[in-house]
Structure formats: C-alpha cells, structure tokens
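**Q** Here it is, the structure, as structure tokens.
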Amino acid sequence: MEELLVRKAPLPWWAAGLLLGMAQVLAVGLKEPLGVSTQFVVADTQLLQKTHPQYVNQHPLIKSASYRQPGYGWWFDIGLIAGAFVAAALSGRWRLRVSTLWWQANRGPAVGKRLLTAFVGGVLILLGARFAHGCTSGQFASGWAQLSLSAVPFTLTLFLFGMVTARLVYPKAPGIEK
C-alpha cells in the first residue's frame, strides 16, 4: 500500500491568518461582518414566502427585511466557491476528490460513508449555527475583527474542542509532503 501524503500548505499558518483577519476587518469596515450560514436562512425564507407567506409574516426572526432579500452575502458565498476553485486551479495540483487523505488513513477508501458523514456534519453545524442565531466562524473571525470580548473564550473553547474532536476522529495522521 502506498504512503498517503498531505500537501504542504502554500502559505504559513500565520500569513493565512493575517490575510483572513485583514479580510474580516475590511468587511466590518465597509459593510458588516462576513457570514455564510445566514444565506441558507435567506433561501429558506424566500421559499417559505412563496409557499407559506402567513408563516413568514408572523415569524419573529424571518419576518425582517434582512431575511427576505438576498444581500451581499450571496455574492460572498459565490466568491468563496469561485475563489477556492481559482486558487486550487492555479496551484497546478488540483484534482477532483470525494475523500480526503485524512479520512483514507483512518477509515479506509469507503467513499459513500465519507460523503454521508460529511453531509450529516454539514447539516449539524448549520443547524447549530442557526439555533444560536449566528455561526461559529462568524463569532470567531468577525468577533476578533470587532474586538468583541466574547470572542476570546469562544475561540479558546472552539480550538480546544476542535483539537479533541480531530484527535478522536483522525487518530492516525498521514505524512506531509517534503
């Protein structure tokens, strides 16, 4: 069996973090904090408006105008997808994959199980974000950009549980390219 190797990151972690931080500060300064998961609520609200308008008009959260019209967030989400594709294509090493090397090193080549796990994980994180009327990445990244005191304990807790979860889900780490 061949050794599974993870690609070396194109930027050091600190440079990527600085770029993300500058993008957040710029977004907060120009418009409002960046957010991704809200666009799912906007899409749901637009569908509900067509099928059950009375429900939307009575709902305490989605009756507001900000949930009825797509805003800059739609373009932000499209930009995330397009930007990721362009960056991957320009790296010269992009290829379509349905599984990760981390998954393969720990769970084997089962693609169906990987896709199901990814789908369930995505649903759970979006559900949790919307129950909390926010999202984890927004609290983390936008909170720091706005110098929010609540971002400090949240970020520490997020990283702590993220590391524990990563260790539980992926106990074996693949090697890293030289």
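**Q** Can you tell me which residue is modelled with the highest pLDDT among those in the range 148-178 that are polar (S, T, N, Q) and surrounded by 12 or more Cβ atoms within 10 Å (Cβ to Cβ)?
**A** Only one residue fits best here, namely Thr155.
**Q** How many residues does the range 146-178 contain that are part of a loop (DSSP other than H, G, I, E, B) and touching a residue at least 60 places away in the same chain (Cβ under 8 Å)? Spell out the reasoning first.
**A** Going residue by residue through the range 146-178, those that are part of a loop (DSSP other than H, G, I, E, B) are 146-150, 170-174, 177-178.
Imposing the further condition that a residue be touching a residue at least 60 places away in the same chain (Cβ under 8 Å) reduces the set to 146, 170-174, 177-178.
Result for the range 146-178: 8.
**Q** Let me ask you something else. Do you know which residues across the range 68-85 are among the hydrophobic types (A, V, I, L, M, F, W, C) and either touching a residue at least 24 places away in the same chain (Cβ under 8 Å) or touching a helix residue (DSSP H, G or I) at 6+ places or on another chain (Cβ under 6 Å) (or both)?
**A** Trp74, Phe76, Leu80, listed by residue number.
**Q** Is it the case that some residue within the range 95-108 is modelled with pLDDT under 85, part of a loop (DSSP other than H, G, I, E, B), loosely packed, with under 12 Cβ neighbours inside 10 Å and not basic (Lys, Arg)?
**A** For the range 95-108, residues modelled with pLDDT under 85, part of a loop (DSSP other than H, G, I, E, B), loosely packed, with under 12 Cβ neighbours inside 10 Å and not basic (Lys, Arg): present.
**Q** Sticking with this structure for a sec: What's the total number of residues in the range 32-51 that are of a type in the set (Gly, Ala, Ser) and in contact with a Lys or Arg (Cβ under 9 Å, 6 or more places away or on another chain)?
**A** 1
**Q** Can you tell me which condition Ala16 does not meet? The list is (1) modelled with pLDDT under 85; (2) surrounded by 11 or more Cβ atoms within 10 Å (Cβ to Cβ); (3) under 30 Å from Ala173 (Cα atoms), and all the others hold.
**A** Condition not satisfied by Ala16: (1).
**Q** Could I ask something else about it? Against the definition (of a type outside the set (Ser, Thr, Tyr) and touching a residue at least 60 places away in the same chain (Cβ under 8 Å)), how does Pro12 come out, yes or no?
**A** It is false that Pro12 is of a type outside the set (Ser, Thr, Tyr) and touching a residue at least 60 places away in the same chain (Cβ under 8 Å).
**Q** Looking at the range 19-61, which of the residues that are surrounded by 12 or more Cβ atoms within 10 Å (Cβ to Cβ), part of a helix (DSSP H, G or I) and hydroxyl-bearing (Ser, Thr, Tyr) is modelled with the highest pLDDT?
**A** So, considering only residues that are surrounded by 12 or more Cβ atoms within 10 Å (Cβ to Cβ), part of a helix (DSSP H, G or I) and hydroxyl-bearing (Ser, Thr, Tyr), the one modelled with the highest pLDDT is Tyr55.
**Q** Could you tell me which of the residues Gly122, Gly112 is surrounded by 10 or more Cβ atoms within 10 Å (Cβ to Cβ) and of a type outside the set (Val, Ile, Thr)?
**A** Gly122
**Q** Give the residues of the range 133-145 that are assigned to a loop (DSSP other than H, G, I, E, B) and surrounded by 14 or more Cβ atoms within 10 Å (Cβ to Cβ), sorted by residue number.
**A** Matches in the range 133-145: Gly134, Cys135.
**Q** For residues in the range 62-90 being at pLDDT below 80, part of a loop (DSSP other than H, G, I, E, B) and over 20 Å from the mean Cα position of the chain (by Cα), which is surrounded by the fewest Cβ atoms within 10 Å (Cβ to Cβ)?
**A** Gln69
**Q** Now for a different question. Pick from the range 109-132 the residues that are part of a helix (DSSP H, G or I), under 22 Å from Tyr170 (Cα atoms) and among the small types (Gly, Ala, Ser): which of them is nearest to the chain's Cα centre (by Cα)?
**A** Among residues in the range 109-132 that are part of a helix (DSSP H, G or I), under 22 Å from Tyr170 (Cα atoms) and among the small types (Gly, Ala, Ser), the one nearest to the chain's Cα centre (by Cα) is Gly122.
**Q** Within the range 104-124, take every residue that is hydrophobic (A, V, I, L, M, F, W, C) and in contact (Cβ under 8 Å) with a residue 12 or more places away in the chain and give me the one that is nearest to Gln139 (Cα to Cα). Walk me through it before giving the result.
**A** First, the residues of the range 104-124 that are hydrophobic (A, V, I, L, M, F, W, C): 105, 110-111, 115-116, 118-120, 123-124.
Subsequent filtering for residues that are in contact (Cβ under 8 Å) with a residue 12 or more places away in the chain retains 105, 111, 115.
Values: Ala105: 32, Val111: 32, Leu115: 27 Å.
Filtering the range 104-124 for residues that are hydrophobic (A, V, I, L, M, F, W, C) and in contact (Cβ under 8 Å) with a residue 12 or more places away in the chain, the one nearest to Gln139 (Cα to Cα) comes out as Leu115.
The values are calculated or read from the model by the stated rules, or taken from the named source; none is laboratory data. As the structure is a prediction and not an experimental result, all values here were calculated from the model. So basically every Cβ, Gly included, is an ideal-geometry build from the backbone, and we count neighbours across all protein chains shown.
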